[in-house]
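J.: Quick one: the structure is below, and I'll ask about it shortly.
The values are calculated or read from the model by the stated rules, or taken from the named source; none is laboratory data. Computed from a predicted model, the values in this text were never measured in an experiment. Virtual Cβ from ideal backbone geometry, glycine too; neighbours counted across all protein chains shown. The protein model used for the area step is the full one, side chains on, heavy atoms only, and it has no ligands, DNA or RNA in it. Shrake-Rupley method; radii C 1.70, N 1.55, O 1.52, S 1.80 Å.
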Amino acid sequence: MNLIFGRYKFGRYIWAGNAGTSGSGPGPTPGGDDTYIPGLVQVIFFNRDGTKTAIFSNDTEELPFKELTFELTENGCGDGKLVFNTFPAFTEIQYNQRIDVYLFGSRDPWWSGTVLTRPDSGGTASKFEITCYGLYERLDKVQLFGKEYKNMEVADIVRDIARNVESKTGIVFNASKIYNVGYTVTHIKFDGVSAKEALDQLSEFALDFVYGVDSYREFYFKAINSEINEEARIWVGVHCNKFEPSQSIDKIINYAKVKGGAIDSNGESWLAEVQNTESQELYGLSETVLTLPSAYDAADAERWGQYEIDKNKDPKLSAKLGGLILAYPKPDGVFSVRRLTTEGQAAITDLDGTLRTYPITKIKYTVNGDKGIQCDLELGEQPDPPISNYLLALHRNAKNNEALQQAANEQLKGG
């Protein structure tokens, strides 16, 4: 039998009952309609066939989990973690099992992910952690081989990849969430790269587009919204108790040569040269080599390279915001709650009364018994630790060099 633990219904606590068999629709509906219920958290586990194996809720007298954290990023649902006080022997938790999280009595999930690691019984641990990730990470597990596109709209290439991803993962292809770009790629090839790597490049070709998987497990590809997110209009000291702005110049790039997959008669793979002279005058010359192994045409390489320069020509502004108050009263006195997403810009009025705007990079929710539901934001592009940059560069360079060598070998064979 499928079991429900701590379900809130009509003012009574149901410790165990039939959870039903449908897992395709929205989650439980406390009170019927979507109403604000202070502090209510529900976590639902699903089998692969969509049946619910258990529902954990923090409205029980003996809370089955100690802490819950999950993140939302521009690519959709990010990492999650569920910490149990005791080993959860009452439900079978398996790798890749789906988990949905509902806050404040919402009928729609705030986050959806799958199990990455799970605890085992028989040890001496005093707490038991389940780590999860959003379905966006599954894009890294789908490999593209010999996928070649010529004179195609960017969005049509994305649709082809999305259909391929849907056939291999739990990510849903929804054509209405993939928007046309208005740019035709001349010649691009993906061979031995992940769907995530391919989509990274296509979103950059599109210029200011973003892709990901949302809390409904649906893939999206859309333009980055630069409008103010009204849910993210925040006064420091009134709506939050922590605001730490910063800026960094460590990622400035204002001149680059671009390498691609095509080689010329001299055996070289330079396809384009891009720069921003205004940035050079303001901050000095900062050069790099950009590599796009999938590009076989100079026009495509130049478009992508110029986008990289425009994105990195100025200092990066960022901020961390914590202790955000989510509940607020409506004009009629009824309370509601901020349903934050990474869509649009946050408008922060600081302690000096200055209005600052930032892209919403990451939203992190933390739920525990002592502090309830907490929300922290990362705004703008956060500076990375030096070791993180170094390791990421090593991995990226190795992948790029491998792809370039493969492209060169193919062309030399053909010649």
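J.: Percent of Cα-Cα pairs per 5 Å bin, from 0 to the last occupied bin, for segment 233-380, please list those.
T.: Cα pair-distance distribution for segment 233-380, in percent: 2, 8, 14, 13, 12, 11, 10, 8, 7, 6, 4, 2, 1, 0, 0.
J.: Taking a cut-off of 19 Å, what percent of all Cα-Cα pairs in segment 71-141 are separated by more than that?
T.: Cα-Cα pairs of segment 71-141 separated by over 19 Å account for 39 percent.
J.: If contacts are Cα pairs under 8 angstrom and at least 6 residues apart, what is the relative contact order of segment 107-201 in percent?
T.: 33 percent
J.: Further, regarding this structure: Among the lysines, which fall within straight-line cross-link reach of residue 81, defined as a Cα-Cα distance under 18 Å, with same-chain neighbours fewer than 8 residues apart omitted?
T.: 66, 127, 362, 364, 371
J.: Quick check for you: with a 1.4 Å probe and neighbouring chains kept, what is the accessible area per residue of segment 81-156, in Å²? Before the final figure, lay out the partial values.
T.: Working: 3470 Å² over 76 residues.
Per residue, segment 81-156 has 46 Å² of solvent-accessible surface.
J.: Ok, one more. Calculate the spin-label point distance for residue 334 paired with residue 352, positioning each point 7 Å from the Cα along the beta-carbon direction, and give it in nanometres.
T.: About 4.2 nm separates the two model spin labels.
J.: Separate question: Could you provide, to the nearest whole Å², the per residue accessible area of segment 213-358 with probe 1.4 Å?
T.: It amounts to 52 Å² per residue over segment 213-358.
J.: At a temperature of 25 °C and a viscosity of 0.890 mPa s, determine how fast segment 118-272 diffuses translationally according to Stokes-Einstein, using the Kirkwood radius over alpha-carbon pairs as Rh; express D in µm²/s, rounded to the nearest whole number. Could you put the intermediate results ahead of the total?
T.: Values: Rh = 19.3 Å.
It comes out at roughly 127 µm²/s.
J.: Which of the aspartates and glutamates could be linked to residue 168 by a straight reach, that is with a Cα gap under 17 Å, when you skip same-chain ones fewer than 8 residues away?
T.: Hits, sequence-local ones excluded: 49, 137, 140, 160, 197, 218.
J.: Calculate what fraction, in whole %, of the accessible area of segment 158-307 sits on carbon and sulfur atoms when a 1.4 Å probe is rolled over the protein chains.
T.: It is 45 percent, rounded to a whole number.
J.: Please list the non-local residues whose amide H lies under 5 Å from the amide H of residue 142, H modeled 1.01 Å from N, same-chain partners needing a gap of 5 or more.
T.: HN-HN under 5 Å from residue 142: 195, 196.
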